[in-house]
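Bear in mind that the values in this text are calculations on the coordinates, not laboratory data. Source: prediction; values computed, not measured. Here the Cβ positions follow ideal geometry from the backbone for every residue, glycine too, while neighbour counts run over all protein chains shown.
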Amino acid sequence: MTSPLISATELRGRLAEVTVLDVRYRTGGPAGLEEYAAGHVPGAAYVDLDRDLAAPPGHPDGRGGRHPLPEPDVFGAAMRRAGVAAGRPVVAYDDWGGQAAARGWWLLRHHGHGDVRVLDGGWRAWREAGGEVETGPVETAEGDFEPGPGSMPVVEAGGVLDVPALVDARAPERYRGEREPIDPVAGHIPGALNVPTGTNLAVDGRFRDPAQLRALYEAAGVPLDGTEVAVYCGSGVTAVHDLLALELVGVRAALYAGSWSDWISDPDRPVSRG
């Protein structure tokens, strides 16, 4: 299995042969275009997560969640604008521990691109490795990527409670229902196990090695023996960080894309706290 990660050192040596996507973003914060303009990996195209990697929330009651998956044709057009081509490797990065870049990685994989990786350590690692910095916009040649039907495993709200191992990727206090700064209802889906995305990373901001990740997930009660696993978060963005971590230990887990913001849109669905 090809690793879903690439080091800054390797990327420096391969810049001429890859398409780089800058996916800087923060939940609840402004888009990262200003940071991109101030400095980015040479040749990188900026990708707006809200516009390019998600559909607008379509229902006032929250059905579908805050970051629904984009329609394939909309996503494909955005990727072509960013220069993505079917036969050319893609590397995505951010300055948020890989949480936004992983969304781009997953969507491209989901729609059939066979060579997509996330820059391990992101923008910080690039700078620490002595990577060159380019400023201002980049004129990108149109790519030829055409999205295929979704191929990565997903689970919908109706099947979530039937998943043998469900992982909640949010911070522990949100999982326990002690604090909910974003969504109108606090708590978690009954039976979910908590593996916060931040625990996937070492102190240097890079992903832990596979042995450490395996121990982390097993300690949380997540079976890594072929049992079906699904992951959710608040809106389906940061959950993909756990999907990437699980991929590093050889587990292809499913995404509940609507996540907590979709789950609580139906008041009849059960909620657990603690």
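Structure values in brief
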item	result
Residue check for ARG179: in contact with a Gly (Cβ under 9 Å, 6 or more places away or on another chain) and either among the charged types (D, E, K, R) or free of Cβ contacts under 8 Å to residues at least 12 places away in the same chain (or both)	no
Candidate set: region 113-146, residues that are among the hydrophobic types (A, V, I, L, M, F, W, C), touching a Pro at 6+ places or on another chain (Cβ under 9 Å) and part of a loop (DSSP other than H, G, I, E, B); chosen: the one surrounded by the fewest Cβ atoms within 10 Å (Cβ to Cβ)	VAL133
Candidates GLY250, GLY234, GLY226 - the one that is small (Gly, Ala, Ser), surrounded by fewer than 14 Cβ atoms within 10 Å (Cβ to Cβ) and under 19 Å from the mean Cα position of the chain (by Cα)	GLY250
Every residue from region 124-139 that is more than 23 Å from ARG81 (Cα to Cα), touching a residue at least 60 places away in the same chain (Cβ under 8 Å) and of a type outside the set (Asp, Glu)	ARG124, ALA125, TRP126, ALA129, GLY130, GLY131
Output for region 190-209, where each listed residue is surrounded by 16 or more Cβ atoms within 10 Å (Cβ to Cβ) and not in a loop (DSSP other than H, G, I, E, B)	LEU193, ASN194, THR197, THR199, ASN200, LEU201, PHE207
Selection from region 16-37 of residues that are over 17 Å from the mean Cα position of the chain (by Cα) and over 23 Å from ASP204 (Cα atoms)	ALA16, GLU17, VAL18, THR19, PRO30, LEU33, GLU34, ALA37
Qualifying positions in region 222-274 - without any contact (Cβ under 8 Å) to a residue 40 or more places away in the chain and out of contact with any Phe, Trp or Tyr (no Cβ under 9 Å at 6 or more places or on another chain)	ASP225, GLY226, PRO267, ASP268
